[in-house]
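What follows is a single structure, written as structure tokens, with notes after it.
What follows is calculated from the coordinates using simple rules that are stated; it is not laboratory data. Every value quoted in this text rests on a predicted model; they were computed, and no experiment measured them. We place every Cβ from the backbone using ideal geometry, glycine too, and count neighbours over all the protein chains shown.
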């Protein structure tokens, strides 16, 4: 018991501030991206960006992971400037791995295997087996490859930071900072094209829904960062960026990410941060967020508002198609409950590539085994998340990390039920990995 007290007291010691060199690299990466968007010399920008990325990721592995989670398209601009228009994700994986290998070389491999990592691997195995009986094996192979290079990679990358809470802290700050710069770049871009001309905003070459999700993750990471900010001016700046990012999410006309984020923010402040924010501060924050959304609704195109409203009226083609896809996935599951129709097989029976619901996707393509593995992963992650919150011995940093990763889990889980396929919802695996890494860190200390 004495040794445990020593370890936990060590966690409560103040951790060093984020390395300024790290944020210098992040700033340079995003500055170069802004220049690329403003049509400066593509080749020169690409060369500079890749070199900065290589140096930054090699020295700060959390930078590579942060860009992978929330800024992968920034890296894509660099590669495209050099003429590389394919294999963007595999190349990013290779570069991120270089930094992670360097980190392992200096710090050793500290991760802890267990139920959640085993389930993540099991889903990958089931996806591979599903290719063998899929009516569209090529589609199944692509989906499995993306799962391995996105979901599996990000999960085990986060696990490498077991025992190093400061890396997780830096990672979330990087994700928030990337959101700030993307917001600034977006404002510049909107200034060029005009707000009234936007029917659905996103940066060039980006999917509007994924763009909105990334900003949503940055919003939650920003509230985490605010927990370690003492100056009121800095907190007001963070709140201003939160309102700006929420406004941009509205401009994307992505209904799911906006509603999921607003719901999770209520959960975050009323439940996870209960007692920390007084009633006046909470009302003030809600007022500012509501005011920013009201202002953007009044000045933006009416097409965006009507698309948002269609979520409740169902007078929208995409909503109708997704409801039809839900029904088709249910039918396929009940007709093939044990094995499903095979990985990527849903597209063979529908006009959509996937049903835009991970539960139904796994149920229809992998049967009861696939969907049960996913359900167990989610339930166990939520259980561990709340278990971490009940700990009275953990440091303030550990508790705040637990809160934000649990909020990210619910945000990603809601999004996974209305858009994207399993590989397109890798943010969910990121949040699950964060919870498992925090739990493993705590168990590792207890066993010393």
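With coordinates expressed along the principal axes, the C-alpha atoms belonging to the stretch 337-448 extend over 53, 24, 17 Å, beginning with the largest. Highest mean first, the peptides 186-198, 219-231, 353-365 sorted by other C-beta atoms within 10 Å per residue fall in the order 353-365, 219-231, 186-198. Taking 7 Å steps out from each Cα toward its Cβ at residue 228 and residue 267 produces label points 2.4 nm apart. Distance from the C-alpha centroid of the stretch 134-189 to that of the stretch 213-241: 20 Å, rounded to the whole angstrom. Label sites at residue 331 and residue 132, each approximated as a point 7 angstrom past Cα along Cα to Cβ, lie 2.9 nm apart. Its residues counted as N, the stretch 114-446 yields a C-alpha radius of gyration over 2.2 N^0.38 Å of 1.02. Taking 17 Å as the cut-off, the amide N atoms of the stretch 123-144 that come nearer than this to a point 7 Å along the Cα-to-beta-carbon line of residue 348 belong to 127-144. Given R0 = 25 Å, the distance between the Cβ atoms of residue 382 and residue 206 translates into a calculated FRET efficiency of 0.25.
Which order, highest average first, do 406-417, 259-270 follow once you tally other Cβ atoms within 10 Å for each residue and take the mean per peptide?
Values: 406-417: 23.4, 259-270: 18.1.
Ranking the peptides 406-417, 259-270 by packing returns 406-417, 259-270.
I'd like to compare 127-133, 205-211, 430-436: which one has the highest average count of other Cβ atoms within 10 Å, and what's the full order after that?
On the way: 127-133: 19.1, 205-211: 17.3, 430-436: 26.6.
Peptide ranking by packing, descending: 430-436, 127-133, 205-211.
Distance between the pseudo-spin-label points of residue 368 and residue 54 (7 Å out from Cα toward the beta carbon): 5.3 nm.
The stretch between residue 390 and residue 317 holds 21.8 nm of extra length on full extension. This uses 0.36 nm per residue minus the Cα-Cα distance. The distance linking the stretch 90-123 with the stretch 327-344 is 32 Å (Cα centroid to Cα centroid, whole angstrom). Solvent-free Debye calculation, one equal scatterer per alpha-carbon of the stretch 143-245: log10 I(q)/I(0) at 0.12, 0.14, 0.19, 0.24 Å⁻¹ equals -0.53, -0.70, -1.05, -1.26.
Could you grab the relative contact order for the stretch 114-446? Cα pairs under 8 Å, six or more apart, rounded to a whole percent.
This gives 29 percent for the stretch 114-446.
Given their separation in residues at 0.36 nm each and the Cα-Cα distance between them, residue 105 and residue 188 gain 25.7 nm when the chain is fully extended.
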